[in-house]
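To start, the structure under review is shown below, and the notes come after it.
Just so it is clear, none of the values below were taken in a lab; they were calculated from the coordinates. Owing to the predicted nature of the structure, the values given are computational and were not obtained by experimental measurement. Note that each Cβ is placed from the backbone with ideal geometry, even for glycine, and that neighbours are counted across all protein chains shown.
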Amino acid sequence: MPTPLDESTPVRGDVPLSMHPDALLSISDTLTRPDTLGIPALAAAREAMRLCYDCYGRLNDAERDLQAMAEPAVRRQHPADRGGHTEVSGNVRMVNGKPTRIVDAEEFIDAAKRALDRVAPAVDRRMTELKGYRDTLAQRVATALDLPARKTPEGLALASEVRAHIKAMKQPAARGKFVLDAVEAGDLPTVAAVLHAPPFLSGLDAGTHALVRSRAAARFAPVDSGQLEATEVAIAHVAAAGSATTRRFGDVLALRTTPAVKAAKSLKALSGAGA
């Protein structure tokens with residue numbers, strides 16, 4: 001079931017495209033299988049990214065409008081005998097590489113702080129949901145790669161013999177091929193014996209052991225393992241979008257240290273003195 005483009009969140013040129021909910025389209029087919037955990041997982045991820053994308057854009061809009069109210073920065077070119085450098089005077093900060101005078105931004109900063117207090121918990125809740133789905137899928141995959149009989153005395157003895165047989169093979173490549181062939185054949189007892197023990201007990205290196213597990217997950221739990229990988233990707237996307245939004249908030253909150261804001265605070269304090 002393909003996911004349509006998110007028309008409710010228009011693409012903006014001033015917000016990183018990687019933050020847009022449609023950045024998840026590459027994993028949407030995997031997560032939108034009917035009657036699976038992937039559907040709510042994708043919904044949670046898209047909502048978290050929509051919140052971040054929308055908030056980032058609103059911050060840009062507010063700062064743009066604030067700058068439009070400010071007087072332009074004053075440039076002065078010094079004579080050659082004084083170095084010939086350009087001096088920009090006034091309460092100026094660099095905005096997109098351009099020196100820009102900032103007016104009293106205290107109201108803007110307060111509004112940004114309120115937005116952060118509102119958006120951050122909502123994104124955190126969606127991230128908690130995503131991690132819950134991830135953990136459930138991981139448990140399902142782990143269950144699919146094991147057998148209850150493996151934990152019985154007979155099962156433990158058989159598993160030990162399987163690992164000893166594999167380890168006795170002289171060529172490392174032959175050991176890996178033997179286990180991968182067991183995966184393709186659907187021989188879960190053999191595969192489980194290898195996966196539920198340290199690699200060295202089967203004479204495998206860590207890389208081969210990891211490859212066997214990946215192939216086995218795709219063989220014995222194709223839907224859950226695919227959605228587990230996709231959910232990990234979604235979590236990474238949401239984490240990156242959240243970090244980018246937090247950094248953007250940091251840029252705004254840093255305006256508290258500008259001369260204009262400090263002066264505005266001093267004037268407010270002065271006007272209230274003796275009241």
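Find how many whole Å separate the alpha carbon centroid of the stretch 156-221 from the alpha carbon centroid of the stretch 114-137.
38
Which aspartates and glutamates have a Cα lying under 13 Å from the Cα of Lys167, excluding residues fewer than 8 positions away in the same chain?
Correct list for Lys167: Asp205.
Using label points projected 7 Å from each Cα along Cα→Cβ, tell me how many nm separate Glu106 and Gln171, to one decimal.
7.9
Based on the Cβ-Cβ distance from Asp135 to Ala236, what FRET efficiency comes out when R0 is 22 Å, to the nearest 0.05?
0.90
Go through 246-255, 34-43 and give me the packing order, highest mean Cβ count within 10 Å leading.
Going by the mean number of other Cβ atoms within 10 Å, highest first, we get 34-43, 246-255.
Please give me the summed charge of the neighbours of Ala168: other residues whose Cβ is under 12 Å from its Cβ, Lys and Arg +1, Asp and Glu -1.
Net charge in that neighbourhood comes out at +3.
Could you derive backbone 3J(HN,Hα) for the stretch 28-44 from the dihedral phi with the Karplus parameters 6.51, -1.76 and 1.60 (θ = phi - 60°), listing whole Hz in sequence and x where the residue is Gly or Pro?
Rounded to whole hertz, the list is 5, 4, 5, 8, 9, 5, x, 6, 10, 5, x, 5, x, 5, 5, 4, 5.
Regarding the stretch 142-183, what are the three Cα extents along the principal axes, ordered largest first, in Å?
31, 21, 12
Can you tell me how much longer the chain between Leu253 and Ala210 gets when fully stretched, taken as 0.36 nm per residue apart minus their C-alpha distance, in nm with one decimal?
11.0 nm
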